[in-house]
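In what follows, a single structure is set out as structure tokens and then discussed.
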Amino acid sequence: MLKSYLKTALRNLTRNKIHTAINISGLAIGIACCLLLLLHVQNELSYDKFHAQHQQIYRMYQINRDPNGNVWTRSITGSAPGVRLKDDFPQIEAVVRFVCSRNLVSVGDKKIYEDRFFYADDPVFDVFSFKLTVGDPSMALREPYSIALSESAARKYFGSGDPMGKTININNRADYTVTGVFEDVPQRSHLQFDFLASLRTITSSHPVFNDDWQNATRTYVLLSEGADPAVLESAMPVFIRKYQDEEAAASLNYGLQPLADIHLNPTSVDLEGTTSAAKLYLFGALAVFILLIAVINFVNLSTAQYARRVGEVSVRKVLGATRDQIRQQFMAESMVLAFIASALALVLVELFLPVFRGMIQTNFEIHYARNPLALIGLLGLALLVGLIGGFYPSMVLSRHNPADILRKTFKSGRGGVYMRRALVVFQFAISAALILSVLVVHGQYSFLSDKDLGFKASGLVKIPLESSMLGRLPDMKEKLSVLPGVHGVTASTFGYDYGFNTHPQADPKVRHLVVIFADHDFIRTMGLKVIQGRDFSENYPGDQSRAIIFNRRTLDVFGDGFSVGENLLGYQGKLENNPPNAFKTVVGTVENFHFRDITEQGLQPMALVIDQSRYENLLIRVDDTGLSATIASIGKVYAQFFPDRPFEFSFLEDELQQVVAGELRQSTILGYSCLLAVFVALIGLFGLALHMTQQRTKEIGIRKVCGASSHRIVSMLTVEFALLVIAANIIALPVAYYFLSEWLRQYPNRVEFGATYFAVAAVACLLLALGTVSYQSLKAAGANPVDALRYE
Amino acid sequence: MLKLNKITKHYKTGSSNTYVLRNINLEVKEGEFVSVMGPSGAGKSTLLHIMGMLDVASEGEYYFLDNPVHEFNDKKRSALYKEHLGFIFQSYHLIDELTVYENLETPLLYKKVKSSQRKSMVCDMLDRFQVVGKKDLFPHQLSGGQQQLVGVARALISQPKLLLADEPTGNLHSSQGEEIMDWFKTLNDEGMTIVQVTHSEKNAAYGGRIIKLVDGWIKSDG
Ligand SMILES: Nc1ncnc2c1ncn2[C@@H]1O[C@H](COP(=O)(O)OP(=O)(O)OP(=O)(O)O)[C@@H](O)[C@H]1O
Ligand SMILES: [Mg+2]
């Protein structure tokens, strides 16, 4: 029986070559998208699970609470709790702290700034499953100034030689001894590093480091088997109070996040390589949409052939087939098609994997042999598609009463036509919504990249600084500022979150703002616009320790303490945890500017404060003309001051654009999805149009014989489809508008998407659909009517 | 063999009923060869479909081999049907995607006949109707007469007790039609019960009994 089903299925497929090609290609595209997505999700969910003990490892995150009741979390803790936890809690087997820092690594003549550089507590190789290929896991980082390298780093600095026992100089200051080489950190790790130095290097020379409750440390704990993290979490307030005064303890708490959860649930100030679950949902929705459109093609084209198949079904029933057997037959056909499509999908996945990797920016591999999910997923998708695609036709056809077809008067029913129209509307609704989304998302990103940052980003050269360089900074600034082609030099930090308390006595409200530590030249060099008060000034020596300058946004957000728009000049406040803890006085306000990145979610209140001990980078405003000469002379000055350090620089504008570029790359996924969805919908429409014109060949012939013009015939055939596509747009665009507005809401600066966007989306959709349909109808209209009638 | 008691068939057209069959009382005995005649639209096909259990009557009783078919549900009806009935159509209704061999095999597949047995049954039929040489051809590669021969062979392959034929020669040249009618005669002589619908007096004469149907009424029987 099954053999007979399969045989008829294959014969039916080869008989309708165009339908079959449309069905298979559409389904293959849909299945390939779903499979890629499925494997991508699997990859995303597998982060950090390669650690044998991952179920017992938790990252401690810090929960801050201000007196107003605002709560915010950060993935960074102080370095103090880590040293105390193990003694206080028996269920903690080990604690590993990581400190990331950018360091100058030199071996012989090789001097390179390395970002993938962590200091770690010595149990790191016992707790995590980073594999040491050379060296003793428990001993490697025991001693200060010991360091382990990844295999690639070892190759980079030592070639094929044995790095063990060799020395590496860090920051021109200290020699570290190589005590281990580990396998390169897998891509599926949220911790990414090539250098792992003993944290004792820091704690042995700065014992106070271990008493710090605020610094930038990442703390991971290994709980004993079966220990409940909730129990530990609930003990945290007591733990903190044991070491902190009441006020500090009240504002601080710690939570535990399972290691494997980190990748998809990043906490503020998280490491690279984290993503968000929302993005996965978006990808999922896109893949499902494409598959859905393909399945609709399948259903539509099957029901379009209904008239022909209903005859066959009646005959089969007369020959003794039961309803179940008819259903099975159509299911089998649907399955055959789905499985052929799946095989093709595998080929597509292989072809497009490199493109997809580029879009999602991860380097994931598919091992069908080693990954049962890949095969199960593929089979599952094939089965699912086969079931869905076969369900409707098999239901409708099996229900048919055989007596109907056996009458000479039989006419195929109209019922399928409405269903078909509804499904076409649905397909084009999705397509129209996707087209509009692509337009708006692209519009928003290009808007962002053209947007006024609040300062002139072009022509700003950025040189990274380190604390050891800060002593010579004033002299170097002076030298640099007199170079030809240089218009300004300023040292500053990136933005950091701080609490700001305006009236500690009267009103203990703490507000959050982003603080940029910057020198006197910052506003002038960046080209920020002062809107109230004044810039920092050498004429006011008190500025050094007491002045603070807000951005405009601060005025809006702090509005509950002051009245909105009120002049803040002269207000005083205390910047938390910023020794010497002095009161700061607002001396000016500047126009909003985007410093960290352009897409920043919601422009935040920002403040500028002078603090010479913290600067992290030097920004130099240079002329566009003679740029390379200017940079060469900057390099020369740099070498005079820091002969041991390689001169590294970047353009601030490029860095800002990179953030947009990352988002843009993500938006290409949307673009591709849109392209595929529209393509699959169009080939489906092509199939339907082909079918309809074939069905109406005789009618068209008669009309032509009766004198209808080709023009009339074309419009007769295309009007119906045009109406369907218009209906689809009417349904889809408002829905898409709603979601896109929601999406745009995250951007403080958003593109206006007005009537033109809708018009372009609707017209594009309509033109594509009509182009597809009119090919068929022009052919039909141009055919010799005599042929059509003879054919009958 | 079968007995119709006050069978009525009507369709709802708008608010009123259109009667196609009215108060049909009819008995067909085993071994009979009955021809149903009448003008177009008289309800002949409808009557045949009801007898063949492809359609159900609106009112009345239908006994087939003493089974009360009018009380049977879909499943039971089709089981009964599969066992005892063969159908032949004016437009042959072979399955286009299947070869002659496979067309003949299909009823056996639905009856779940074993593969080895199936093969010999199909070969017997091919042989009997002298279409062995055509067994791998598709229906469109055959002449109308050949197609109808395959249709007859397919109706007979499951060894039915009753053969129902709706204008079996309607689409055939007279010589081809005669061949089919000769087959019917032979089958009837072998004991097969046959009910055919025909417009041709000549074909009707092959059978022993002619039922005239006009406007859904039996006008004459005998
Ligand atoms: N589904 C239906 N709904 C309404 N009327 C129907 C339906 N099916 C058949 N009829 C009507 O029933 C009547 C009898 O049809 P039937 O096919 O039995 O006639 P017939 O005697 O076989 O005619 P012919 O010689 O042309 O084959 C016709 O008038 C037909 O229009
Ligand atoms: Mg008829």
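The values are calculated or read from the model by the stated rules, or taken from the named source; none is laboratory data. Quick caveat: nothing in here was measured; it's all calculated off a predicted structure. FYI the Cβ positions are ideal-geometry reconstructions off the backbone, even for glycines, and counts take in every protein chain you see. For the accessible areas, the whole protein counts, side chains as well, though only heavy atoms, and no ligand, DNA or RNA atoms are used. Shrake-Rupley method; radii C 1.70, N 1.55, O 1.52, S 1.80 Å.
Counting only residues that are assigned to a loop (DSSP other than H, G, I, E, B) and more than 12 Å from ligand 1 (Cβ to nearest atom), which one in the stretch B:201-222 is farthest from the other protein chains (Cβ to nearest Cβ)?
Among them, the one singled out is B:GLY222.
Residue check: is A:GLN427 at pLDDT 75 or above, away from ligand 2 (no atom under 16 Å from the Cβ), farther than 29 Å from A:VAL295 by Cα and not assigned by TED's automatic domain parsing to the domain that holds A:ASP519?
no
Which condition does B:VAL113 not pass, out of (1) touching a helix residue (DSSP H, G or I) at 6+ places or on another chain (Cβ under 9 Å); (2) under 16 Å from A:THR322 (Cβ atoms); (3) within 9 Å of chain A (Cβ to nearest Cβ), if it passes all the others?
(3) is the only condition that B:VAL113 fails.
Any residue in the stretch A:365-385 that is more than 13 Å from A:ILE31 (Cβ to Cβ) sitting within a Cβ distance under 7 Å of a residue that is small (Gly, Ala, Ser)? List the pairs, counting only those 6 or more apart or interchain.
Listed by first residue and then by second, the contacts come to A:ILE366/A:ALA374; A:TYR368/A:ALA374.
Given the options B:LEU156, B:LEU163, name the one that is more than 16 Å from ligand 1 (Cβ to nearest atom), surrounded by 18 or more Cβ atoms within 10 Å (Cβ to Cβ) and part of a strand (DSSP E or B).
B:LEU163 is the lone residue from the list that is more than 16 Å from ligand 1 (Cβ to nearest atom), surrounded by 18 or more Cβ atoms within 10 Å (Cβ to Cβ) and part of a strand (DSSP E or B).
Among the numbered criteria (1) within 15 Å of ligand 2 (Cβ to nearest atom); (2) assigned to a helix (DSSP H, G or I); (3) away from chain A (no Cβ under 14 Å), which single criterion is violated by B:HIS49?
Just one mismatch for B:HIS49, condition (3).
Within the stretch B:39-57, which residues are β-branched (Val, Ile, Thr) and within 8 Å of ligand 1 (Cβ to nearest atom)?
Hit for the stretch B:39-57 is B:THR46, nothing else.
List, please: which pairs have Cβ atoms under 8 Å, are six or more places apart or on different chains, and start with a residue in the stretch B:2-15 that is on the phi > 0 side of the Ramachandran plot and in contact (Cβ under 8 Å) with a residue 12 or more places away in the chain and end with one that is open to solvent by 50 Å² or more (accessible area, probe 1.4 Å) and more than 16 Å from ligand 2 (Cβ to nearest atom)?
B:LYS6/B:ASN23; B:LYS6/B:ASN25; B:LYS6/B:GLU59; B:LYS6/B:GLU61
So, of the residues in the stretch B:6-21 that are under 22 Å from the mean Cα position of the chain (by Cα) and β-branched (Val, Ile, Thr), which turns out to be nearest to B:MET37 (Cα to Cα)? Outline the logic, then answer.
In the first step, residues of the stretch B:6-21 are kept if they are under 22 Å from the mean Cα position of the chain (by Cα); the result is B:6-10, B:20-21.
Now restrict to residues that are β-branched (Val, Ile, Thr): B:7-8, B:20.
Details: B:ILE7: 18, B:THR8: 18, B:VAL20: 15 Å.
Going through the qualifying residues, I end up with B:VAL20.
Consider the stretch B:23-46. How many of its residues are more than 13 Å from ligand 2 (Cβ to nearest atom) and in contact with an Asp or Glu (Cβ under 8 Å, 6 or more places away or on another chain)?
Here the count works out to 1.
Just need a number here: residues in the stretch B:59-84 that are more than 9 Å from every other protein chain (Cβ to nearest Cβ) and open to solvent by less than 50 Å² (accessible area, probe 1.4 Å).
10
Which fully enclosed strands (runs of 3 or more DSSP E) of the stretch A:7-117 have 1 or more residues being over 23 Å from A:ILE202 (Cα atoms), at pLDDT below 85 and open to solvent by 50 Å² or more (accessible area, probe 1.4 Å)? Spell out the reasoning first.
Numbers: elements: A:57-65, A:71-74, A:92-100, A:103-107, A:110-114.
So the answer is A:57-65, A:71-74.
Filter the stretch B:1-17 down to residues that are modelled with pLDDT of 90 or more and within 16 Å of ligand 2 (Cβ to nearest atom), then give me how many there are.
Residues that pass the stated criteria total 1.
Working carefully through the options A:PRO402, A:PRO393, A:PRO464, find the one that is within 16 Å of ligand 2 (Cβ to nearest atom) and either at pLDDT 75 or above or within 14 Å of chain B (Cβ to nearest Cβ) (or both).
Answer to the check: A:PRO402.
The conditions are (1) under 25 Å from B:GLU83 (Cα atoms); (2) open to solvent by 50 Å² or more (accessible area, probe 1.4 Å), and B:ASP215 fails exactly one of them. Which is it?
(1)
Across the stretch A:304-324, what is the total count of residues that are among the polar types (S, T, N, Q) and open to solvent by 10 Å² or more (accessible area, probe 1.4 Å)?
Going through the stretch A:304-324 one residue at a time, the tally reaches 2.
May I ask you to say which residue of A:ASP245, A:ASP136 is over 29 Å from A:TYR47 (Cβ atoms) and of a type outside the set (Lys, Arg)?
Details: A:ASP136 fails: over 29 Å from A:TYR47 (Cβ atoms).
Sole residue among the options that is over 29 Å from A:TYR47 (Cβ atoms) and of a type outside the set (Lys, Arg): A:ASP245.
Quick check: anything in the stretch B:88-99 in contact (Cβ under 8 Å) with a residue 60 or more places away in the chain, within 15 Å of B:LYS161 (Cα to Cα), within 12 Å of chain A (Cβ to nearest Cβ) and surrounded by 21 or more Cβ atoms within 10 Å (Cβ to Cβ)?
Yes, the conditions are met somewhere in the stretch B:88-99.
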